[in-house]
Each structure stands twice: as C-alpha cells, then as structure tokens.
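Asker: My questions will all concern the structure given below.
The values are calculated or read from the model by the stated rules, or taken from the named source; none is laboratory data. Bear in mind that the values here come from a model prediction, so they are computed numbers and not experimental data. So basically every Cβ, Gly included, is an ideal-geometry build from the backbone, and we count neighbours across all protein chains shown.
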Amino acid sequence: MLQLLRGKKSSLFVKIVLGVIVIGFSFFGIESYFVANTNTNVAKVGGSAISEQEFTQRYNRAVQAELQRMRQQFGASVNASMFQTPEFKRRVLDDLVNERVLLETNDELGLVVPVQRLRDEIQKIPAFQNEGVFDKEQYRQVLQANGMSPQSFEDDMRKDIGRTLLPSQVVATTIATDAEVDAYLRLRDQRRDFRYARLDKPAAEQGEVKDEEIEAWYKQHQAEFMVPERVALEYVELDASKLEIDQMPDDSVLQERYEKAKSRYVTAEQRLASHILVKVGGKGAPEDQKAALAKAEEIEKQLKAGKDFATLAKQDSADLGSKNQGGDLGWLDRGTTEEAFENALFALGKGEVSQPVLTSEGYHIIELRDVRPGKTRSFDEVKPELLKEYADGERDRVYSDKAGRLTELTYQDPSTLETAAKELGLAVQKTELFPRTGGQGIAANPGVAKAAFSDGVLVQNNNSDPIELGPNHIAIVRIAEHKPATPKPLDEVRDTVRARIVAERESKQAKDRADALYAQLGKDKTLDTLAASDNLKVEEQKGIGRDAATLDSRLVSAVFSMPRPEQDKPSYRLVDLGGDNYALVQLTAVTDGDPSKLDAKTREAARNTLQQQASMSAAREFVEALRKATKVSISESKLQDQGP
C-alpha cells in the first residue's frame, strides 16, 4: 500500500488520506502500516536482524518446495493453505536463525569462504553448464531470467557455503568405535521368537439405536456436522501481462537504446586455463611462504625444461578440484578469480606459463591454453530483445499508473469497486461461495482467502488492500455474499450418526474384550489356555527380524519394543493392530546378531551408517549450543503475521 501511495504522492487524494490518518481516523486499520514501520524485524540474532522481507522470501521458497514435493506424491490437489500454520512458520524461522548464528560465528572466528571454493561450487551447478561444462554466458542468462545478478547470487552462495563450514568440521571428526559397531550389529541383526493370538473385530451388532440416543449424540458432536462459513467475492483484477501497448517505437528509438546499453551485448573475452597450486604450509609464517615459493619455482623450472603441465599438476597440485584433470580450470573470464590470479592470466599469451602467483590460497603456476575473443552483438541481432524490453517497460509503466489509481479509488470509496472499475475499464467479477480454506479460480490463492475473511473485509465490509497474485498482477476484493457456519439438519445426517454410534459400540466392545483377556495373561492363564477357552488360534513365529515384510508392521514393531523374557516368566503385550483388531503376544526368545560372522565390507557399511547418524546428531547439537550462547529475540506477533 505505501509503495503505491508513494508512487502517487503528488495526488490530492493521497494528501487527503495522509492528513486523515494523522488526525486519527484509524477505523480502516490503515494506521498499522505506520506502526509497523517502527520495527520491521521478525527476529534479532546477536547483532543482526531478520527482516519481515527476508523471512517472507524464505517462507515463500519453503512453501513452494513443499508444494512441489507433495504434489509429486499426491497430485495437484495439495493446497498452499496447509502451510499457513504457526508450526511451519516457526520451522522456517528456526532455520533462518540457525543459519544466522553460524554466519555470525564465522565472522567472530575469521572464517571465510575461499574464492576458489565458491567458483567450484557455482561451476558444478547443471543449470549453468553447456554440454557438461560451465558456460559464463549461460550463467548470466539464467540469473537474469530469475531476476538475479551474479553478485547477489554469489553472495547467497557464499552464505550457503558459509553456514556449512563449522558443521562440516564437526561431521568430519565424528567416529564410530569397534564396540559401537558391534553393539549396533547385535541390535540390527537381532532375531525374536514369539507367539500370538489375533483378536479380530467382533461382527457388527444389530442392536437398536433409539431416536433420543441419536439426538443426544448429534447435539454432543454437532461441531462435526457443520456447513463451514462461506463467502462469495466481488473483485477487480489488474494484470500487466494482459495490458495492451498502443504504440511501438521506431528504429531510431531502439538504436538509441542499443547505443546506451551496448555493453550488455558484449560477450567478454574468455581464457582456457590450467594451474598448479602450491599451498603455504604451517601457520603461514614467512618461512612457510618461502618454502612454498621454493617448491613453486622448482615446478616452474621443470616446466621450462619441457615437462608436461598436466602431468606435473596431477603429481604436485594441492587443488583437489582440478588436480585429477591435469589442473584444468575450464574457460575463465574477468571477475571469477582473485585479482592477482586474474591479472597474471590475462597478461599471458596463448601457450605461455606464468611465474608463481601468490593468492590467499597459495602459489599458482598458470598455463594459458586457449583464448576465446569477446564479441559484440549487432543492432539487428538484438532488435527483437529491444522491442520486447520496450513493450515490457511500457506495460510496467501503464500497470504502475493503473495500479496506483486503482488503489486510490478503492480507498477513496471503500464501499464499492464499481467506481474504480468504470474509470479504469476493468470488469467487476464474482467468485462462487468458498470456505476459509479457499475455493476455485482466484479464491484458490491463499492471499485472497486470507483477505476475504479478514476483519476489514468481512466485518467492516470494506474493499481489501491490493492482493498480489503474481508479478505485476493484483486484485482487490470485497464481500458479495456471506453465509455463516450452520449445523446440518439432523435428518440430513441421521444415518451417519446412527452408523457412528454403532461403530463406537463395536470399538468399545472390541477394546473391553481385549483388555479383559490381556488382564488374565500371566496371572491364572497362559496364552494357550486362554486361546482354548475363547476359541482363539495361536500362531508362532521364529527368527523374525526387524525388517520382516510378511507380517503386520505394527505387530513386528511391538514385538521388538517388548522387554526380554525372564527365566520362567513370559513377556506379554496387548497390541493394537488398527481397525478394532488386537493381538495377544507372548515373546519367547531373543537372539542377538553375531558381529564376528560378518565380513569387513558389511562392518564398514555399518560403521558408515553409524557415523552418518552420529555426525548429523553432533552437528545438530553443535548448532543448538551455538544458538544457546547467542542472544536471540523473536517477535511472535510479526512472525504469525507473515505469509500470504
């Protein structure tokens, strides 16, 4: 809202609106915008803050990731509204807080992400590769298509890598001892013998359900038989992509744009490089640097004597990322390496090798294998892009004007959309009735559903604030029809109520029977005598493992949670199998796995599993410890206000 007001700050209407706000007419709720400006932080971590914008961006990404994952599993019916919960928002914020704690700790310890590491990670991303090789031009195009610059993307990547620096060191130091591996294998390969009698759900009874019982049950559970509160909306929609542009520019206008932005159409010179890295050992003292330089100069002498560069790189380079490829760094252009490395590389002629070059990583010996000259695209080549950019710019300008005017008009008269629609040539459309969980069409948007049931729209009967449906795409809504929640008539649900009463009786009967039989086990009856007296079938299972696939998983899980049977004292358990079915279980024997019978490969796989579990736990505990040592304050009200 404020952005649109600022965009129209010369308007007489806006001056009036601001004046009204100042003298206290707050019943439209607009004053909340100004109150919010005093503090827009959702949380503060140590000396840095997490803003509402930062949280909202992360929240939206998390929602989209969860939607994509769940829609792959369950289809397109998954609605984003299921993620508008305090628990999900808290989970997103916790992740942000933990990341900020790690980054602040990095700063305190002086930890930084090496330039080479950042470059290597970016070049591994498939979206930036052409035929499996990093392509700088494709890198720029992909980022531009996603509204990002190389600098902002690299800053984000640096943060992503930075938050793993400390936890990765914790993970690397986690070990699993031989004793722990043996204990794990004894439990993993444990086998159990047991006997059980299944108590199937009793046959459905045909007992009478009296009308007064139905009425009493219906009144007690009336909340389960409600027609939810519903609304239908009137709305106007403004979408920049559907706006028509009256006039397109001639070539002279486009030529002028081309000349002003000519640098955009230049493909920078690229250089195909290899290197041999000699790291400075010890603590980086002067004598350590001298030793590293001496080694680098010795390698340089061998190259001058005719030794193959790739062979020496495989033999002597400390760069694990390029060593096995003979030091190959691929095509590089300016801005992707440290300044000293870049200056040396771009000073070489094709086929030349540099003297040792010092960077923060150590000494590099650089070989220039090939040069790809820069190129400037002609006006005719980029003319279609210029036309599109012009049209998009004009469309954005028209959209901005119309959006500002739409906002003014709908605030000027919050009781109708007709005035704004008539002036701007927009249609007033209407939705079908829908509940708080959303509906079809525009009502499927979580922001629309939230606005529809807000106090200002539903209770005060005002027009909504502009609701963002997408990039340069907004809607303003108001209530057209409101139907409060009402209970369904008893006659409509009578059969359902009767069935629920019968089902409850059957569930109680099954549970009471199972409890009564279980109470006799171990006292005056064994499983066999109980089975004989109640006509039950006893089944026996021997050597069953945790991964038994032919048995009910609930039965197996219960068996492995039972204590070992003591001598002359059987171990019994009543197991709920679901659907009002139960089982009486007797555990007869427990046989641990024998680690001595396993080969080295199996033991190593078990060790890896243990170490992975232990390392994840250790990393999590490490982050929790850092967080406890950091002052973290969270604005619960702002947290829950975030999201659509």
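Asker: Which pairs have Cβ atoms under 7 Å, sit 6 or more apart or on different chains, and link a residue in region 168-189 that is touching a residue at least 12 places away in the same chain (Cβ under 8 Å) to one that is surrounded by 12 or more Cβ atoms within 10 Å (Cβ to Cβ) and not in a helix (DSSP H, G or I)?
Answerer: Close Cβ pairs (under 7 Å, with a partner that is surrounded by 12 or more Cβ atoms within 10 Å (Cβ to Cβ) and not in a helix (DSSP H, G or I)) amount to 185/593; 185/598; 186/592; 186/593; 188/593; 189/593.
Asker: Among (1) without any contact (Cβ under 8 Å) to a residue 60 or more places away in the chain; (2) surrounded by 15 or more Cβ atoms within 10 Å (Cβ to Cβ); (3) on the phi > 0 side of the Ramachandran plot, where does residue 461 come up short?
Answerer: Exception for residue 461: condition (2).
Asker: Does at least one position in region 370-380 carry a residue that is at negative phi, in a helix (DSSP H, G or I) and modelled with pLDDT under 95?
Answerer: Checked region 370-380: at least one residue is at negative phi, in a helix (DSSP H, G or I) and modelled with pLDDT under 95.
Asker: Return the pairs, sorted by first residue and then second, in which the second residue is polar (S, T, N, Q) and part of a helix (DSSP H, G or I), the first residue lies in region 403-419 and is touching a residue at least 60 places away in the same chain (Cβ under 8 Å) and assigned by TED's automatic domain parsing to the domain that holds residue 233, the beta carbons are less than 8 Å apart, and the residues are 6+ apart or on different chains.
Answerer: Short answer, once both residue conditions are applied: 412/419; 417/410.
Asker: Follow-up. For region 486-510, which positions are within 30 Å of residue 533 (Cβ to Cβ) and surrounded by 15 or more Cβ atoms within 10 Å (Cβ to Cβ)?
Answerer: Those that are within 30 Å of residue 533 (Cβ to Cβ) and surrounded by 15 or more Cβ atoms within 10 Å (Cβ to Cβ): 502, 505, 506, 510.
Asker: If you scan region 457-477, which residues turn out to be under 20 Å from residue 84 (Cα atoms) and not acidic (Asp, Glu)?
Answerer: Residues satisfying the conditions are 457, 458, 464, 466, 467, 469, 470.
Asker: Can you say whether residue 273 is modelled with pLDDT of 85 or more and either buried (at least 16 other Cβ atoms within 10 Å of the Cβ) or more than 28 Å from residue 120 (Cβ to Cβ) (or both), as far as the supplied structure shows?
Answerer: yes
Asker: Now, a different point. I want to confirm something. Restricting to region 469-523 and keeping residues that are part of a loop (DSSP other than H, G, I, E, B) and charged (D, E, K, R), which single residue is farthest from residue 538 (Cα to Cα)?
Answerer: Selected residue: 488.
Asker: On to the next question. For region 543-580, how many residues are charged (D, E, K, R), part of a loop (DSSP other than H, G, I, E, B) and buried (at least 17 other Cβ atoms within 10 Å of the Cβ)?
Answerer: 1
Asker: Restricting region 600-640 to residues that are among the small types (Gly, Ala, Ser) and under 18 Å from residue 104 (Cβ atoms), which is surrounded by the most Cβ atoms within 10 Å (Cβ to Cβ)?
Answerer: Result: 619.
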